[in-house]
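The values are calculated or read from the model by the stated rules, or taken from the named source; none is laboratory data. Here the structure is a predicted model, which means the values were calculated and not measured. Cβ placement follows ideal geometry from the backbone for every residue including glycine, while neighbour counts extend to all protein chains displayed.
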Amino acid sequence: MSILIKNGRIITAEQDYSADIYCEDEHITRIGKQLDAPPNATVVDATGKYVFPGFIDPHVHIYLPFMGTFAKDTHESASKAALVGGTTTFIEMICQSCSEQPLADGFELWRGKAEGNSACDFTFHQAVTRLDKETEGQLTEIVRSGITSFKVFLAYKGAFGISDEELYHTMRLAKKLGVIVTAHCENADAVLALQQKLLAEGKTGPEWHYWSRPPRVEAEGVHHLLTFAEIHGTHCYLVHTSCEEALQEALLAMQRGVNVRVETLIQYLLLDKSHAELPNFEGSKYVMSPPLRDKRNQEIFWNALRQGFVSTVATDHAPFDFKGQKEMGRGDFTKIPNGIPSLEDRINLLYTHGVCEGRLDLNTFVDCASTQAAKLFGLYPRKGTIAIGSDADLVVYDPTYRGTISARTHHLNLDYSAFEGWEIKGRPHVVTVRGEVAARDGKFVGTVGRGKLLKRDTHASR
Ligand code: URP
Ligand code: ZN
Ligand code: ZN
């Protein structure tokens, strides 16, 4: 299987130049001017188009038992959607409830769901929802198998959340094993108390979700987590950072020398709390945690991305239908399954609103949507760049395309889109995964089950 991509404008996190790319046996083998290829090679004309490294979404949920239901996508539907939208690798959270089986069983369960069903490459963050001696041993084995990041929840007490004692020991173990700890930072007790107060006052609609998780509750979570990170010198990564207050806590910790990186989401850059206030329970489509924030935060996060204070733009893809799932929370916002799906649209939205509107240059766009995730999570330079020897994960991107997002045309297994009717300026023309064309002009043309579980480096070995 060989592919020649001709006359494209190649954009990586550092470079911008025109050349041909030749890929053979899953890898990029040649980059240069006027390359030729054997007659049986697939030739893609990239004249007038960008060639980006395959994009990486470092935070998705696909198999997810959560809030009394299950997320709607399968690995087949999610990976098809990801590829059509230019994402060639995703990192899924293994979120096993703290009351369930050994963590090792969770890892096997999630791996079994993905392997043989995903069309794009994938790996996992292993949630630590309990910590004792036995679990420490299991986590050590999981890390050895190439899952080199943990996830901790300070929120969702009783489901995924851990105690401070467990957090202390998780941070210690992570430091010892050289792995990075990704974290959901919201103070669980404050959330619970505020939820109870609001419900007792008869404030039951989706618009009250925000008030149960105000910015200070997230900022406290960040401060709390980073205190424990500082004690052990553990490398941390704040998932779905939504507001200035939380970002400030991260920046203060960075000043103290804490090794922390920040993720935000495409939803926080483009949607705001007024969406969750839409009438007729439409607001429930926009309920996630932390909640959508006041619009003024958006410019702060675009600036922080440009300046490198925020490293990545993810989706936290967590798909629940409006009918029958979001509706579980009619009359009680605390029962609305949390999540705003956006796996298929992240790149086109980031390009349209970031690059086309002059907020991000092309290199920063690639950096925050691909390269940084590869570097932070032990995949670089195999993924996240265009270089000889790298996996042939490429996105030939057509900047002249114009279209609209709709649930009627998306590949997700979901009955709505939070971005229904939004215009996009540009989309992937051709997407390759390890040298195979997997999407073309909005259609999936790849192979379900070809996606590989990626074995990653530990932080210590990077
Ligand atoms: O609302 C969200 N974020 N849903 C998915 C679970 C999580 O907290 O990441
Ligand atoms: Zn979370
Ligand atoms: Zn998440």
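Being at pLDDT below 95 and of a type outside the set (Ser, Thr, Tyr) narrows it down to one residue among ARG130, ARG144; which is it? Outline the logic, then answer.
Numbers: ARG144 fails: at pLDDT below 95.
Going through ARG130, ARG144 in turn, the sole match is ARG130.
Restricting attention to the stretch 54-109, which residues are at pLDDT below 95 and polar (S, T, N, Q)? The answer is GLN96, SER97, SER99, GLN101.
So, ALA114, is that one at pLDDT 95 or above, aliphatic (A, V, I, L, M) and more than 16 Å from ligand 2 (Cβ to nearest atom) or not? Answer is yes for this residue.
Taking the stretch 33-114 and the strands (runs of 3 or more DSSP E) fully enclosed by it, the elements with 1 or more residues that are touching a residue at least 24 places away in the same chain (Cβ under 8 Å), within 16 Å of ligand 1 (Cβ to nearest atom) and not acidic (Asp, Glu) are at 55-60, 87-94. Note on the stretch 407-425: residues that are farther than 17 Å from ASP73 by Cβ and of a type in the set (Gly, Ala, Ser) amount to 1. When the stretch 177-200 is examined, which residues are found to be over 26 Å from the mean Cα position of the chain (by Cα) and farther than 22 Å from GLU249 by Cβ? The answer is GLN195, GLN196, LYS197, LEU198, LEU199, ALA200.
Restricting attention to the stretch 73-107, which residues are closer than 11 Å to LEU412 by Cα and either of a type in the set (Val, Ile, Thr) or within 15 Å of ligand 3 (Cβ to nearest atom) (or both)? Those that are closer than 11 Å to LEU412 by Cα and either of a type in the set (Val, Ile, Thr) or within 15 Å of ligand 3 (Cβ to nearest atom) (or both): ASP73, THR74, ALA78, VAL84. For the stretch 110-141, the set of residues classified as of a type in the set (Val, Ile, Thr) and surrounded by 23 or more Cβ atoms within 10 Å (Cβ to Cβ) consists of THR123, VAL128, THR129, listed by residue number.
Assess whether LYS33 counts as being modelled with pLDDT of 95 or more, among the charged types (D, E, K, R), over 25 Å from the mean Cα position of the chain (by Cα) and crowded, with 17+ Cβ neighbours inside 10 Å. So LYS33 fails the test.
Go through the stretch 134-151 and give me each residue that's closer than 20 Å to ALA374 by Cα and either outside any loop (DSSP other than H, G, I, E, B) or within 16 Å of ligand 3 (Cβ to nearest atom) (or both).
ILE142, VAL143, ARG144, SER149, PHE150, LYS151
Of all residues in the stretch 152-164, those being in contact with a His (Cβ under 7 Å, 6 or more places away or on another chain) and within 9 Å of ligand 1 (Cβ to nearest atom) number 2. Any residue at all in the stretch 346-368 that is within 15 Å of ligand 1 (Cβ to nearest atom) and in contact with a His (Cβ under 9 Å, 6 or more places away or on another chain)? Scanning the stretch 346-368 turns up at least one residue that is within 15 Å of ligand 1 (Cβ to nearest atom) and in contact with a His (Cβ under 9 Å, 6 or more places away or on another chain). Specify the residue that is nearest to LEU194 (Cα to Cα); the eligible residues are those in the stretch 303-359 that are among the acidic types (Asp, Glu) and buried (at least 23 other Cβ atoms within 10 Å of the Cβ). Ranking the qualifying residues of the stretch 303-359, first place goes to ASP316.
Here is a check on your reading of the model: is HIS235 under 20 Å from the mean Cα position of the chain (by Cα), in contact (Cβ under 8 Å) with a residue 40 or more places away in the chain and at positive phi?
Considered against the rule, which asks whether it is under 20 Å from the mean Cα position of the chain (by Cα), in contact (Cβ under 8 Å) with a residue 40 or more places away in the chain and at positive phi, HIS235 comes out as no.
Quick grid of which residues meet (1) under 20 Å from the mean Cα position of the chain (by Cα); (2) over 21 Å from LEU265 (Cβ atoms):
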{"residue": "VAL396", "(1), (2)": "no, yes"}
{"residue": "ARG402", "(1), (2)": "no, yes"}
{"residue": "LEU412", "(1), (2)": "yes, no"}
{"residue": "GLY421", "(1), (2)": "no, no"}
{"residue": "GLY435", "(1), (2)": "no, yes"}
{"residue": "VAL445", "(1), (2)": "no, yes"}
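For first residues located in the stretch 1-17 and free of Cβ contacts under 8 Å to residues at least 40 places away in the same chain, partners that are part of a strand (DSSP E or B) and lie 6+ apart or on another chain with Cβ distances below 7 Å form the pairs TYR17/ILE10. Look at (1) under 22 Å from ARG450 (Cβ atoms); (2) within 16 Å of ligand 3 (Cβ to nearest atom); (3) out of contact with any helix residue (DSSP H, G or I) (no Cβ under 7 Å at 6 or more places or on another chain) and you find that ARG111 fails only one, number (2).
Among the residues of the stretch 57-66, those identified as surrounded by fewer than 23 Cβ atoms within 10 Å (Cβ to Cβ) and more than 12 Å from ligand 2 (Cβ to nearest atom) are TYR63, PRO65. Identify all residues within the stretch 306-324 that are touching a residue at least 24 places away in the same chain (Cβ under 8 Å) and more than 25 Å from LEU412 (Cβ to Cβ); write none if there are none. Answer for the stretch 306-324, where residues must be touching a residue at least 24 places away in the same chain (Cβ under 8 Å) and more than 25 Å from LEU412 (Cβ to Cβ): ARG306, PHE309, VAL310, SER311. If you check LEU83, LEU103, LEU154 for being crowded, with 23+ Cβ neighbours inside 10 Å and touching a Pro at 6+ places or on another chain (Cβ under 9 Å), only one passes: LEU83.
Wholly within the stretch 162-217, which helices (runs of 4 or more DSSP H) include no fewer than the required count, namely at least 1 residues that are more than 22 Å from PHE281 (Cβ to Cβ) and among the hydrophobic types (A, V, I, L, M, F, W, C)?
Values: elements: 164-177, 188-200, 209-212.
By residue number, 164-177, 188-200.
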